[in-house]
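Some notes on the structure that comes next.
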Amino acid sequence: MGNETAPKHVDVLIVGAGLSGIGMACHLTRECPTKSYAIVEARDAMGGTWDLFKYPGIRTDSDMYTFGYDFKPWKSNIAIVEASLIKTYIQEAADEYDVTRHITFGKRVVDASWDSDASVWTVEIRDVIDGEPTGAASSMTCGWLQMCSGYYSYNEPHRPDFPGEASFGGEIVHPQFWPDHLQTHEQLDGKKIVVIGSGATAVTLIPAIAEKGAHVTMLQRTPSWIAPLPQKNPVVIGLRKLLPEKVAYQAIRKINSFRTELIYKQSRKNPDKVKKLLNREVTKALDGQFPMDPHFTPSYNPWDQRLCLAPDGDIFTAIKEGRANVVTEHIDTFDETGILLKNGDHLDADVIVTATGLQMLALGGVTPVVDGNPIDLAETFTYKGFMYSGIPNLGTTFGYINASWTLRADLIARYICRILQQMDAHDATRAMPIADPDMPKRPYVDDFPAGYMQRSIHTFPKQSDRDPWTASQSYSHDKKTLLGPDAEIDDGVMEFSSPVREPVDA
Ligand SMILES: Cc1cc2nc3c(=O)[nH]c(=O)nc-3n(C[C@H](O)[C@H](O)[C@H](O)COP(=O)(O)OP(=O)(O)OC[C@H]3O[C@@H](n4cnc5c(N)ncnc54)[C@H](O)[C@@H]3O)c2cc1C
């Protein structure tokens, strides 16, 4: 049960009660126990992504030893798990650190204004009615605003229009709004389902609905890289047997994060080598029972888009067993009974799933206003990937695109705690990174041409060519620069100052 009435003022206001927001609150409790904090969450439950998505099979593409928090061991030999277990894990963390009573559910932060004279953020909040912030208005103030609002719109996914949609006699479903009536074996058995897309969602969904008796076709314009991976790893099992839980967790976390980074770096340096390796694994998984070319031979390099995982090769098993089919072709038009393809073939369908992706959204849709001036994030530089030039006391939790989100979310939370401690030690009420406006500009994420990124990255802050003005995608780099012995909080770039703060009613 959350907090029905949020306090009027807190030291730290966290926006969002997903994996990052709950993690931030736990870190605050551990490292800054005297700070007051609150969480404002638009939904009626915690969990964020893992509460929102309801399609069958919804799970991570990351192993839970790196997707879990650094302070809370993942206590299972199964590495890739369904959303419900992730949600339970997040709820357990919230219980262990007494977080839930700090959360106000069903309220959306719609505006945030910084006042330099008072050294506070004032946030405008609206009650959420039917998913929209159209209810009663209220406000809160805080010394530090931490946006743990994720990176995509919950209300508007990426959903291109397809020709002839209106003529389709069946049901069209987007995975972000999966209906209750397409969940069980009874509901799915015998249904002809065409899934448009080849990303992580399609690769997850297809084996799950095929398992429940649906006849599934994955319709893709271009194939994706998919890595079959055993669910249980003997090294993990051995370490968990031999070592105390916490020690084993840290060791596995280290090994897995190192391995992921190595594969990513190899994909950049020696893409042909990684392609060969993946091709070999997929060939083995298909066992000559389905053609590799053109369905599993992408034209781009691994990690140009997020690499999809197939735990125990589940999608390949569904294909081999004839429960799922893959068609690589362009859509001509939808019609009454399904989809007509450019090559003249027709795919019959009762249900068409548009697994066409997300719409990215920075800062949960909030435009920060600093001393009366609305700030265009795209005009700012990112500081270490989680603060913005010229915006005081505002942090954002944004994870990795090439590794588990939580690896970075933990680092950011710990660093924010260090900033707060530094501010206290020096009686500072404002911490603001100051950038040289003439630095060269690069996109916030470069070298990652995935569609969802390309569509929206221009709305995100820029990075430059030097630290601390980079948003690194390397856990080992960030660990050193954020938590290493040389990681200076007072780095000459972050300006700590103490404008007089007027007393605020608690
Ligand atoms: C289908 C899917 C699969 C994924 N799989 C992986 C994976 O395998 N590995 C990985 O590392 N990452 C994965 N991700 C990315 C995933 O989103 C992150 O890993 C992680 O869950 C993000 O947590 P978060 O708390 O930062 O954001 P979210 O989970 O998005 O939570 C944000 C919360 O903030 C709330 N919120 C947003 N704006 C406001 C506002 N203005 N006011 C109040 N509340 C607000 C939202 O309601 C939500 O509860 C996946 C994402 C999706 C969509």
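The values are calculated or read from the model by the stated rules, or taken from the named source; none is laboratory data. Small disclaimer: the values here were computed from a predicted structure and weren't measured. Positions of Cβ are generated from backbone atoms using ideal geometry, with glycine treated the same way; all protein chains shown enter the neighbour counts.
Couple of notes before you dig in:
- Test result for residue 300, among the aromatic types (Phe, Trp, Tyr), in contact (Cβ under 8 Å) with a residue 40 or more places away in the chain and surrounded by fewer than 16 Cβ atoms within 10 Å (Cβ to Cβ): yes
- Hits in the stretch 356-405 (condition: more than 10 Å from the ligand (Cβ to nearest atom), crowded, with 23+ Cβ neighbours inside 10 Å and of a type in the set (Ser, Thr, Tyr)): 382, 383, 388
- Checking each residue of the stretch 420-439 against the condition of being away from the ligand (no atom under 11 Å from the Cβ) and touching a His at 6+ places or on another chain (Cβ under 8 Å) gives no match.
- Every residue from the stretch 249-258 that is crowded, with 18+ Cβ neighbours inside 10 Å and either in the same structural domain as residue 405 (by TED's automatic domain parsing) or not charged (D, E, K, R) (or both): 249, 252, 256, 257
- Of the helices (runs of 4 or more DSSP H) lying entirely inside the stretch 182-283, those containing at least 3 residues that are out of contact with any Gly (no Cβ under 7 Å at 6 or more places or on another chain) span 200-211, 234-242, 245-269.
- Residue in the stretch 259-269 that is within 25 Å of the chain's Cα centre (by Cα), surrounded by 17 or more Cβ atoms within 10 Å (Cβ to Cβ) and among the β-branched types (Val, Ile, Thr) present: yes
- Some residue of the stretch 37-49 being of a type outside the set (Val, Ile, Thr) and either under 29 Å from residue 230 (Cα atoms) or in a helix (DSSP H, G or I) (or both): yes
- Members of the stretch 121-139 that are surrounded by 22 or more Cβ atoms within 10 Å (Cβ to Cβ) and more than 11 Å from the ligand (Cβ to nearest atom): 121
- Flag if residue 246 is under 27 Å from the mean Cα position of the chain (by Cα) and either small (Gly, Ala, Ser) or not assigned by TED's automatic domain parsing to the domain that holds residue 448 (or both): yes
- Pick from the stretch 19-42, criterion within 7 Å of the ligand (Cβ to nearest atom) and closer than 14 Å to residue 100 by Cβ, ranking: surrounded by the most Cβ atoms within 10 Å (Cβ to Cβ): 21
- Subset of the stretch 477-506 that is surrounded by 14 or more Cβ atoms within 10 Å (Cβ to Cβ) and hydroxyl-bearing (Ser, Thr, Tyr) - its residue that is modelled with the highest pLDDT: 497
- Scan of the stretch 140-171 for residues that are surrounded by 16 or more Cβ atoms within 10 Å (Cβ to Cβ), more than 15 Å from the ligand (Cβ to nearest atom) and farther than 30 Å from residue 6 by Cα, ordered by number: 162, 168, 170
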